[in-house]
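Report on the structure given below.
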Amino acid sequence: NSFRTVEQLRANGTPHRLLAGPWSHASTATSIPGPRIDSVPEMVRWWDRWLRGIDDGSDADPTCTWFAIESHAPAPDLDTVPGVWRADTWPTERTSWSTYPLEGVRSLDVRPDVGMAAWISCAGHLPYGLPLDQQNDERASLTWDVAEGPLEIAGMPRVALTLTSSEPVANVSVKLSDVAPDGVSTLVARWTQNLNRAADLGSPVALVPGEPIEVVLDLEASAWRWLPGHVVRVSVAGTDWPNTAAPPRPLTLTVLRGEVLLPVYDPTGAPASRDFEPGASSGAEDLAGIECAYARDVVRRISSAKVASGGEFYDTPHGRSKERYEGEVTVSTLTFEQTAHARTSMTLEMVDDGEGNPVTVSSDSSMSVTATSSHFEVAIDLVCREGDRIVGSREWLRSVPRDWA
């Protein structure tokens with residue numbers, strides 16, 4: 001959305017500045033992965049110009065700066081990714097579309113647990129880490145190797161598909177990857193579309209089994225450089241679980257035809273990027289209390305993903321506090337039934353309750369969701385305490401129709 005927003009700002013003559021890096025939802029100075037920079041001087045420079053009216057020369061700066069990531073091996077706690085800074089306008093005349101066909105009619109019996117190799121990869125801190133090697137997911141997907149490096153893109157890759165579903169409810173998930181000579185596959189960009197909402201997000205309709213449907217998917221905005229010897233891979237699956245819910249029933253997808261359009265970037269003649277103040281030398285990640293586990297029960301045919309974090313006290317004004325977060329999701333590869341369970345707890349200890357006495361307050365909440373073929377069954381509980389005394393509690397129970405999801 002940042003690139004789309006900047007495009008509209010430029011079209012309307014609005015002053016703007018884009019700084020885009022590989023950071024997660026965390027400070028650019030401490031995020032993983034790096035390169036880490038101190039973005040405060042960049043913000044001050046912008047505010048000086050447009051809030052204080054100081055002519056600091058920023059009008060001559062390129063309006064957009066982004067980090068083009070280079071081929072590398074994936075890891076959930078990758079500290080830094082290689083690449084180069086680019087500076088330009090957006091949109092830029094240095095980007096041109098290259099089209100690659102996805103050849104052949106191919107069918108896929110959908111596995112509902114495809115997506116585990118890149119779960120919640122945009123979150124801020126561990127345990128919600130970076131994507132893993134995509135090979136396991138790709139083995140349960142349709143794949144096309146469409147090009148080789150050296151190749152650089154900047155923008156939103158686009159995939160057009162004509163496909164059919166054997167069931168009235170279906171999703172399609174598309175991923176773009178960088179495959180190294182040793183076969184390791186690193187995620188570049190992704191997108192998932194509920195096919196029942198392909199024409200109108202607010203008005204889902206049942207699919208007609210076997211009837212072709214055409215979709216065009218804009219993948220996530222990306223700036224990436226495939227190095228020589230690396231391969232551009234497109235993979236198509238019927239799920240991106242547990243980022244999105246799997247379809248309600250087993251099904252088969254058939255891709256009749258398709259193509260991928262890559263926004264190829266040629267940096268020749270582009271202005272140089274500004275030098276940034278460096279951030280921290282390493283990411284601010286602490287593994288204390290962190291859990292992140294993936295499992296497959298091969299007998300019961302159940303796949304699961306589990307995370308947990310927190311639980312240690314930290315200082316707060318007039319006391320200390322701690323939180324603990326736990327969550328687990330499961331999916332049956334036989335029936336596609338899914339569950340989600342989450343629990344959070346928070347404790348706040350204050351040295352003075354206003355009358356000179358220490359006080360401890362806490363809350364515990366839990367949520368359970370079961371996704372059947374027709375409904376999401378939701379149960380939420382909340383209990384609040386002062387010391388050991390329960391001062392409030394509530395339970396919510398809801399049955400939500402899946403509505404073609």
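The residues of the range 157-176 that are surrounded by fewer than 19 Cβ atoms within 10 Å (Cβ to Cβ) and under 17 Å from N1 (Cα atoms) amount to a single one, R158. Here L251 clears all of (1) under 20 Å from the mean Cα position of the chain (by Cα); (2) crowded, with 16+ Cβ neighbours inside 10 Å except the condition numbered (1). Out of the residues in the range 65-75 that are in contact with a Phe, Trp or Tyr (Cβ under 9 Å, 6 or more places away or on another chain) and either hydroxyl-bearing (S, T, Y) or more than 14 Å from S222 (Cα to Cα) (or both), which is surrounded by the most Cβ atoms within 10 Å (Cβ to Cβ)? So, considering only residues that are in contact with a Phe, Trp or Tyr (Cβ under 9 Å, 6 or more places away or on another chain) and either hydroxyl-bearing (S, T, Y) or more than 14 Å from S222 (Cα to Cα) (or both), the one surrounded by the most Cβ atoms within 10 Å (Cβ to Cβ) is S71.
Residue by residue, here is whether (1) touching a residue at least 60 places away in the same chain (Cβ under 8 Å); (2) out of contact with any Phe, Trp or Tyr (no Cβ under 8 Å at 6 or more places or on another chain); (3) surrounded by fewer than 19 Cβ atoms within 10 Å (Cβ to Cβ) holds:
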position	(1), (2), (3)
A26	yes, yes, yes
P33	yes, no, no
W46	no, yes, yes
P62	yes, yes, yes
D77	yes, yes, yes
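Filtering R274, R301, R296 for residues that are without any contact (Cβ under 8 Å) to a residue 40 or more places away in the chain, of a type outside the set (G, A, S) and touching a strand residue (DSSP E or B) at 6+ places or on another chain (Cβ under 8 Å) leaves a single hit, R301. Looking only at the range 292-335, filter to residues that are touching a helix residue (DSSP H, G or I) at 6+ places or on another chain (Cβ under 8 Å) and buried (at least 16 other Cβ atoms within 10 Å of the Cβ); which one of those is farthest from E349 (Cα to Cα)? Residue satisfying both the conditions and the ranking: S303.
Checking each residue in the range 305-333 for being closer than 22 Å to E291 by Cα, without any contact (Cβ under 8 Å) to a residue 60 or more places away in the chain and small (G, A, S) picks out G310, G311, S321, G327.
A quick yes/no check of all residues on (1) modelled with pLDDT of 95 or more; (2) of a type in the set (S, T, Y); (3) closer than 30 Å to R249 by Cα:
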| site | (1), (2), (3) |
| --- | --- |
| R324 | yes, no, no |
| E328 | yes, no, yes |
| S332 | yes, yes, yes |
| S345 | yes, yes, no |
| V351 | no, no, no |
| N357 | no, no, no |
| D364 | yes, no, no |
| M367 | yes, no, yes |
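The strands (runs of 3 or more DSSP E) located wholly in the range 65-182 that include 1 or more residues which are more than 20 Å from the chain's Cα centre (by Cα) and under 19 Å from P247 (Cβ atoms) occupy 106-109, 142-148, 158-165. Across the range 109-141, the number of residues qualifying as at pLDDT 95 or above, more than 15 Å from L187 (Cα to Cα) and surrounded by 19 or more Cβ atoms within 10 Å (Cβ to Cβ) comes to 5.
Return yes when S273 is in a loop (DSSP other than H, G, I, E, B), out of contact with any helix residue (DSSP H, G or I) (no Cβ under 6 Å at 6 or more places or on another chain) and surrounded by 14 or more Cβ atoms within 10 Å (Cβ to Cβ) and no when it is not. So S273 passes the test. Condition check for A206 on (1) within 24 Å of P250 (Cα to Cα); (2) surrounded by 19 or more Cβ atoms within 10 Å (Cβ to Cβ): one failure, at (2).
Just one residue in the set W46, W23 is among the aromatic types (F, W, Y), modelled with pLDDT under 95 and within 30 Å of A293 (Cβ to Cβ); that residue is W23. Checked against the criterion of being free of Cβ contacts under 8 Å to residues at least 24 places away in the same chain and under 18 Å from W191 (Cα atoms), the candidates L217, L201, L253, L261 yield just one match: L201.
The residues on offer are Y325, Y294, and the sole one that is under 19 Å from C384 (Cα atoms), part of a strand (DSSP E or B) and not β-branched (V, I, T) is Y325.
Evaluate the following for R320: is it under 20 Å from I380 (Cα atoms), outside the structural domain of R249 (by TED's automatic domain parsing), among the basic types (K, R) and modelled with pLDDT of 95 or more? Please lay out each step first, then the result.
On the way: under 20 Å from I380 (Cα atoms): no; outside the structural domain of R249 (by TED's automatic domain parsing): yes; among the basic types (K, R): yes; modelled with pLDDT of 95 or more: yes.
Against the criterion (under 20 Å from I380 (Cα atoms), outside the structural domain of R249 (by TED's automatic domain parsing), among the basic types (K, R) and modelled with pLDDT of 95 or more), R320 does not qualify.
Does any residue of the range 374-384 turn out to be within 25 Å of R249 (Cβ to Cβ) and either outside any strand (DSSP E or B) or in contact with a helix residue (DSSP H, G or I) (Cβ under 6 Å, 6 or more places away or on another chain) (or both)? Within the range 374-384 (the criterion being within 25 Å of R249 (Cβ to Cβ) and either outside any strand (DSSP E or B) or in contact with a helix residue (DSSP H, G or I) (Cβ under 6 Å, 6 or more places away or on another chain) (or both)), the answer is yes, since at least one residue qualifies.
The values are calculated or read from the model by the stated rules, or taken from the named source; none is laboratory data. Being a predicted model, the structure only gives us computed values, none of them experimental. Positions of Cβ are backbone-derived with ideal geometry, glycine not excepted, and every protein chain shown enters the neighbour counts.
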